[in-house]
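Notes for the one structure printed next.
The values are calculated or read from the model by the stated rules, or taken from the named source; none is laboratory data. Values in this document were obtained by computation on a predicted structure and should not be read as measured data. What goes into the accessible areas is simple: the full protein's heavy atoms, side chains included, and nothing from ligands, DNA or RNA. Shrake-Rupley method; radii C 1.70, N 1.55, O 1.52, S 1.80 Å.
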Amino acid sequence: NNILEAMFSGGFKRFDRRIIERIAADDENLEKVKMNGKRVDDDRLARLSEVLSHNTSITSLHLSNNNIGHEGIVSLAHALHQNLHVEYIDLSGNNIGNKGAAALADCLQHNNISLISLDLQNNGIEDEGAAALLSAVSTNSTIHSIDLKGNAIQSSLLSKIDEALNRSKALFEAEVVYFAPSPAKKDHDLA
């Protein structure tokens, strides 16, 4: 199965070890980790992030409705500086706040070239954290979507983020077209 979904029948310690082992093994069949609403906290995310930094198969992390704060996000952002394969992260319903948003923004601004979509709904992010994200999306051409619903962010700032994301999408699409291979020439075209 290409999805690792959290099931706690064996308790946290057994489960944590199993998750960490599968991610550390870099199982090419494992593309998604789903741990929505499974009481993931900063410590568990730090352990997961440690092995995620070297993983090349996981493209999607689902960590919504947990107990993740800014400290856990700092660990995740550090892992994402090294991991160039994760494309989608759902962190909705946590409490990463401005410090967590700033850590993700730093990652987007400086190293991450793979993340396409980030769900940060209902995370206690305010204008300060949104401003950091705006700065990051202005310089990152791979991020196309950041969902910030349910945060205390001024609508004018949300509009600026949306505009920057739209520019990023347009630039990415232009790069894809520009770098697309030319149609192969047939032998009779070579004369």
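When the C-alpha to C-alpha distance is required to be over 24 Å, the pairs from 149/169; 38/149; 99/169 that qualify are 99/169.
In the context of the full set of protein chains, residues of region 60-128 present 38 Å² of accessible surface per residue (probe radius 1.4 Å, heavy atoms only). Atom-type composition of the exposed protein surface of region 103-153 places 48 percent of the accessible area on carbon and sulfur (1.4 angstrom probe).
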